[in-house]
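K.L.:
If you scroll down you'll find the structure; I have some questions about it.
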Ligand SMILES: NC(=O)c1ccc[n+]([C@@H]2O[C@H](COP(=O)([O-])OP(=O)(O)OC[C@H]3O[C@@H](n4cnc5c(N)ncnc54)[C@H](O)[C@@H]3O)[C@@H](O)[C@H]2O)c1
Ligand SMILES: [Zn+2]
């Protein structure tokens with residue numbers, strides 16, 4: 001087990017990462033000081049629960065904790081107000097008090113939803129992230145928690161840091177391939193955003209990473225977490241640099257909302273979004289190599305880079321407006337300057353974004 005520290009003053013917390021950690025959750029919760037008399041709420045989903053709930057629940061029981069469990073259907077559509085309310089009901093009927101904690105056992109969907117429950121229940125109680133997907137190396141760190149509104153992704157949420165992240169890499173072994181690739185999109189994003197050497201390393205080891213070779217995937221996820229931690233600790237509430245984590249997300253979130261949540265997985269949508277950011281960068285005068293290099297890296301991981309024809313420009317622009325990305329007809333984008341370096345560019349005209357959406361549908365030769 002390796003431990004990274006997220007340094008945020010009185011909101012600091014450890015990220016434990018390594019194999020075999022879910023059976024240690026009980027002990028780690030004891031060491032973290034959670035009181036035995038307050039019940040813990042485990043939130044999980046219909047895929048993860050049958051695979052990993054027993055390990056977590058029995059390790060907590062062994063330490064003397066009482067637990068209540070709430071299981072949501074798996075998938076992005078579950079990050080909804082309905083499920084938020086249903087989990088609140090479980091929390092109230094289960095007798096959770098101010099000293100209780102919520103444990104999010106699953107991917108980013110469970111983490112974002114359960115985290116938002118924890119941020120809101122009795123005005124905020126503790127929570128622990130138990131990520132089980134590649135993607136959740138990103139979503140479980142940094143304290144952004146949210147649910148979706150049908151009109152806009154992550155529209156209702158909070159900043160609420162977990163007390164601890166316990167990332168058991170053994171859990172990744174049961175992930176479907178498509179989910180592995182989607183998660184790797186977020187790993188690639190961390191590199192494209194800030195770390196050119198990491199991108200080179202990722203591209204060289206793409207095959208082994210997709211196959212979840214333990215040494216490679218462990219190193220990639222630890223490094224990727226560390227990149228996120230570095231950004232979040234500089235700017236917890238996104239007044240400045242934290243915005244770079246949104247590379248590919250302005251368009252990616254719009255693709256998710258317009259396509260219907262779950263049509264494209266989050267990582268797939270931001271992969272197309274990153275291709276779009278690269279095109280936009282070229283349109284605004286940056287070197288064409290930015291686009292070709294970005295596409296090459298994404299393709300090494302079997303990620304999509306083309307927007308299907310059925311996505312209407314109007315609907316995508318509309319979704320971006322709801323996403324608060326537009327101000328007076330102009331939008332802010334995170335744009336690549338080169339591989340491993342980005343800048344925050346404000347005041348981009350809607351017409352330029354529309355053109356890029358058109359080009360993104362043309363596939364590999366947008367010009
Ligand atoms: N809060 C943040 O900072 C942040 C950052 C990035 C992404 N996100 C959010 O994360 C979400 C995506 O997360 P995700 O990709 O983990 O999706 P997810 O939680 O839907 O998990 C993906 C799928 O894999 C299944 N699954 C999970 N773990 C498994 C395992 N170990 N074995 C087998 N199946 C497993 C799930 O049931 C689900 O069907 C999006 O909603 C996105 O907005 C949040
Ligand atoms: Zn993301």
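Every number here is computed from the coordinates shown, using simple stated rules; none is lab data. These numbers were taken from a predicted model, which means no experiment stands behind them. Cβ sites come from the backbone with ideal geometry, for glycine too, and all protein chains shown count toward neighbours.
K.L.:
Using 0.36 nm per residue, how much length does the chain from residue 97 to residue 204 gain when fully extended, once their Cα-Cα distance is taken away? The partial results should precede the final answer.
P.N.:
Numbers: separation 107, 0.36 × 107 = 38.52 nm, distance 4.95 nm.
Full extension of this stretch gives 33.6 nm more.
K.L.:
Can you give the relative contact order of the chain as a percent, counting alpha carbon pairs under 8 Å and 6+ residues apart? Display every interim value, and only then the final one.
P.N.:
Values: 724 pairs, mean separation 52.6, N = 367.
Reported as a whole number, the value is 14 percent.
K.L.:
Please compute the Kirkwood hydrodynamic radius of segment 1-57 from all pairs of different C-alpha atoms, in Å with one decimal. Spell out each step's value before the answer.
P.N.:
Details: mean 1/r = 0.0757 Å⁻¹.
That comes to 13.2 Å for segment 1-57.
K.L.:
For a quick size check, give me the Cα extents of segment 85-173 along its three principal axes, largest first, whole Å.
P.N.:
For segment 85-173, the Cα extents along the three principal axes come out at 35, 33, 20 Å.
K.L.:
What Kirkwood Rh does the chain have if only Cα atoms enter the pairwise 1/r average? Answer in Å.
P.N.:
Numbers: mean 1/r = 0.0484 Å⁻¹.
With all distinct Cα pairs of the chain included, I get 20.7 Å.
K.L.:
Contour minus end-to-end for residue 3 and residue 32, with contour as 0.36 nm per residue of separation and end-to-end as the Cα-Cα distance? Could the numbers behind the result be given before it?
P.N.:
Numbers: separation 29, 0.36 × 29 = 10.44 nm, distance 1.39 nm.
Fully extending the segment from residue 3 to residue 32 adds 9.1 nm.
K.L.:
What angle do you read, to the nearest 10 degrees and between 0 and 90, between the alpha-carbon axis of helix 214-234 and the longest principal axis of the chain?
P.N.:
80
K.L.:
Is segment 205-276 rounded, prolate or oblate when judged by the Cα gyration tensor, a ≥ b ≥ c being the square roots of its eigenvalues, rounded requiring a/c under 1.5 and prolate requiring a/b larger than b/c?
P.N.:
Details: a/c = 2.61, a/b = 1.11, b/c = 2.35.
Since a/c reaches 1.5 but b/c is at least a/b, the shape of segment 205-276 is classed as oblate.
K.L.:
Once a ≥ b ≥ c are taken as the square roots of the eigenvalues of the Cα gyration tensor of segment 132-288, is the result rounded (a/c under 1.5), prolate (a/b larger than b/c) or oblate (a/b not larger than b/c)?
P.N.:
On the way: a/c = 1.27, a/b = 1.10, b/c = 1.15.
In terms of gyration-tensor shape, rounded.
K.L.:
Here is a further query. Along its three principal axes, how long is segment 200-360 when you only count alpha carbons? Whole Å, largest extent first please.
P.N.:
Largest to smallest, the principal-axis extents are 47, 36, 33 Å.
K.L.:
Report, to the nearest 10°, how far helix 249-259 tilts away from the longest principal axis of the Cα atoms in the chain, using its own Cα long axis and a range of 0 to 90°.
P.N.:
80
K.L.:
With N set to the residue count of segment 2-174, report its C-alpha Rg divided by 2.2 N^0.38 Å to two decimal places. Don't skip to the end; give the middle numbers.
P.N.:
Values: Rg = 14.4 Å, N = 173, 2.2 N^0.38 = 15.6 Å.
It is 0.92.
K.L.:
Let me make sure I get this right: for segment 276-338, a, b and c are the square roots of the gyration tensor eigenvalues over alpha carbons, sorted descending. Under 1.5 in a/c it's rounded, otherwise prolate if a/b > b/c, else oblate. Which is it?
P.N.:
Taking the square roots of the gyration eigenvalues as a ≥ b ≥ c, segment 276-338 is oblate.
K.L.:
For the Cα atoms of the chain, what angle does the longest principal axis make with the long axis of helix 81-93, in degrees from 0 to 90, nearest 10?
P.N.:
Its long axis makes an angle of about 10 degrees.
K.L.:
OK, next. Taking the Cα-to-Cβ direction at residue 156 and at residue 367 and moving 7 Å from each Cα, how far apart do the two end points lie in nm?
P.N.:
4.6
K.L.:
Which order do the peptides 337-348, 115-126, 53-64 come out in when sorted by mean C-beta neighbours inside 10 angstrom, highest first? Mind dumping the intermediate values first?
P.N.:
Working: 337-348: 15.2, 115-126: 20.4, 53-64: 17.1.
In decreasing order of mean packing, 337-348, 115-126, 53-64 become 115-126, 53-64, 337-348.
K.L.:
Per DSSP helix of 4 or more residues, -39500 (n - 2.57); summed, then divided by the residues of the chain. What does that give at 222 nm, rounded to the nearest 500? Write out the running numbers ahead of the final one.
P.N.:
Details: 14 runs with 167 residues, N = 367.
Helix contribution divided over all residues of the chain: -14000 deg cm²/dmol.
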